[in-house]
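Have a look at the structure below, then the notes.
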Amino acid sequence: MPPILSTPIDLESDSDDDYDEDVDGLSEDNSHGFANDFIPLFRNEATPKREKKFRLSNKFVDSFKDVPPPFGFNGLGELVYMRTYSRLGWNGREAHRSAREMYRRIFAMKFLPPGRGLWAMGSPITEERKLYAALNNCAFVSTEDVDRRFSPAEPFCFLMDAAMLGVGVGFDTKGAGKIMVKGPKHGGTVEMVHIADSREGYRHPFRIAAMTINIITCRWVESLRMLLEAYFLHRPVPVFDYSQIRPAGMAIKGFGGISSGPDSLQAMHRTIMATLDPLVGRPMTVHLPPLGMQTYSTRYTQVRGIVDLMNHIGVCVVSGNVRRTAEIAFGDAQDPAYVALKDYTQHPDRAAYGWTSNNSVFASLGMDYAPICKQIVQNGEPGFAWLQNMQEYSRMDGVPDHRDARAAGGNPCLEQTLESYELCCLVETFPANHASLDEYKETLRYTNERTVQVDECMLMNVCIRYAYLYAKTVTLGQTHWPITNRVMLRNRRIGCSMSGIAQFITQRGLHELKDWCTQGYDAIQAYDKTYSDFLAIPRSIKTTSIKPSGTVSLLAGATPGMHYPESRFYIRRVRLDRGSELLPALRAAGYHLEPAAEAPNETLVVSIPVDVGENVRTLSQLSAWEQLSLASFLQRYWADNQVSCTITFDPVLEGPQLEHALAYFQYQLKGVSLLPKVPLGAYAQMPYEEISEATYKSMVSALSPVSFREIKTRGGPVEVPDRFCDSSSCEIK
């Protein structure tokens, strides 16, 4: 017999006397009361509004406060409820203990968030503006279904929007031939578009004679969408007014940097129109192939059209001083037109914008690598991505699991397998910064309340725990792209990486690295099960990577990712804006400063002497085969996403061997890029320049300790962030 309520309550009343329109009712985005059948790429707001969410009134809920629930079976029902369905209470003491321990490990540089996290996490960007996408390093968007999207402009707009947040974006050319350039519509409704930096859009129509004019205020990305849709969907070309854009030279508050004014956006609009005007009535193309290449099929210009549009967007983002970002294009390895895009002897016009993307091909297992390798020897592009391996394998341990069957590409440095419209956060651990078993035992105190037996090869498990927790936490923040949220809520993909690998191998050897990799990976899987269950979210589809690193590894004094240093002693050059507040402190400390060769009026270069330490092998001591072997080692024992590896080779001695090396390693890697060696110092102000020990000591002797204490470190605008993946190898300069 069911239990009987001891306190009478009114179960029938439907009185709405306590209904409050300010707290109840339908959200503004769904005022019709029906579920959305389709969710477009972007929300309409410049910044999200506070939605009205339905909830029962406090008065009604409070009427049940003192009513005992009718749990059944002598307390069994209540026990099941408390165990299974009730929400966990907030444990402030435990939260502060964990937060303090994470802080200690970040401060000691046992692990570090990505540069994006050091810049944006906890700032007004996330806490007030809720732009959680800015915490992610990388993204990918496919053009394959461009003809079935809500708008054919979506992939291009997504890339621009993400790039303006500093996220590096990969894209493919599978939409070639699927976009018909219908051309603009003449007459009818004309839209006067006022472009602003951060104002919510509005629309106000009025009529002049027989012509309707819509006055609209929009943001930069929206202006791109409107222009592309005019050509793709046969709509009138908007008349853009740039007068509301922040003038050149003004500080960009919130996101940092100095505004370049409207020039970069105007230039992008012009180049896009110049690209599409000759193609009206044809599929996506740019113009006829250059002289001597007319034998290529129409697909030649279709593929180039997609890449060119994405590259023009990249130029706008970078020259607009809005963001530092990067792109990577993926094309068909059997398409000679795509493979030759970076050959500026064939395409001299592309030199002005082709630099904005690294180019790679989707390689198929067993293909003939010889034709592409001949071009790589000349200019180092394209790279290779084995999509089949990305889809079929987690770690390349010989056991396919097909967990990533929906994967469509990767990020610009190719350490992440990604689905279309997916983002990912990377976090970096430094195994070589863990020195002893005693240190680990001290760390272990914070692992769990229970006692755990460990050995030395598990030294960094708790470091891994907090690194994992940081990355997993980032997946809890939704982006402003509904289509992205649907992928990320399902995958919860993260990338826990290692840097300082060359130093670790020098100190402890390759066999110990294998133990740390395998047991560290197992620890991450255990943490993922525990914390995913605790948070009631899916386990991460993949969890580990080797990122190329760069600036973040510099903070910790670690070699970047899997890469070895150029030499033991070298000059590391860093570029700073002439107005940077860091310059006075550097001058006072004696660092050498000089105008940048490429922009002497805007940029200064500071030269910093570096010693990576004794016994660490340098890049000149490693063959291309050994570098490939280390990459495959890490892909087998650590990375279930990917290993970002740029293999440096001697073009004379090793260039002829590339096709054979790729034939061996195609079954062990998911992606690779190859770069012919260039003598250090061959070009002016290269990022790295090898020097002698005597030169190093001479430079160091002229320096005094640098102090940045005069610089405001708290409050004020958020400054320019670190590059999306912290790597010098794939950033748009």
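Close amide H partners of VAL237, meaning residues 5 or more places away or on another chain with modelled amide H under 5 Å apart, are LYS185.
Taking other C-beta atoms within 10 angstrom as a stand-in for reagent exposure, ASP404, ASP335, ASP650, ASP172 fall in the order ASP650, ASP335, ASP404, ASP172, fewest first. Test of understanding: what is the full-extension gain from ASP147 to LYS65, defined as 0.36 nm times their sequence separation minus their Cα-Cα distance? Additional length available on full extension: 24.1 nm. Once backbone amide H atoms are built at 1.01 Å from N, GLY383 has ASN359, SER360, VAL361 as its partners under 5 Å, excluding neighbours fewer than 5 places away on the same chain.
In terms of surrounding Cβ atoms within a 10 Å radius of their Cβ, HIS480, HIS660, HIS402 rank from fewest to most as HIS402, HIS660, HIS480. Compared with the direct C-alpha span, the chain from GLN244 to SER704 gains 161.0 nm at full extension, assuming 0.36 nm per residue.
Count Lys and Arg as plus one, Asp and Glu as minus one, and take only other residues whose Cβ is under 15 Å from that of ASN615; the net charge is then 0.
In whole Å, what is the distance between the alpha-carbon centres of the stretch 561-637 and the stretch 348-390? Centre-to-centre distance over Cα atoms comes out at 26 Å. Taken along the Cα-to-beta-carbon direction at a fixed 7 Å, the label points for THR695 and ALA108 span 3.8 nm.
A simple count of charges around GLY281, restricted to other residues whose Cβ falls under 15 Å of its Cβ and scoring Lys, Arg +1 and Asp, Glu -1, yields +2. Placing R0 at 25 angstrom, the Cβ-Cβ distance between ASP522 and LEU365 gives a FRET efficiency of 0.30 after rounding to 0.05. Taking the average, over residues, of other Cβ atoms within 10 Å as the packing measure, peptides 160-167, 58-65 rank 160-167, 58-65 from highest down. Residues VAL706, VAL606 in ascending order of nearby Cβ atoms (within 10 Å, fewest first): VAL706, VAL606. In terms of its C-alpha gyration tensor, the stretch 58-181 has an oblate overall shape, because the principal axis ratio a/c (a ≥ b ≥ c, square roots of the eigenvalues) is not below 1.5 and a/b does not outweigh b/c.
Net charge in the neighbourhood of PRO676 (other residues with Cβ under 14 Å of its Cβ; Lys, Arg +1, Asp, Glu -1) is 0.
Each reported figure results from applying straightforward, stated rules to the coordinates on display, with no laboratory input. Note that the structure is predicted; figures quoted are calculated from it, not measured. All Cβ positions, glycine included, derive from the backbone under ideal geometry; neighbour counts span all protein chains shown.
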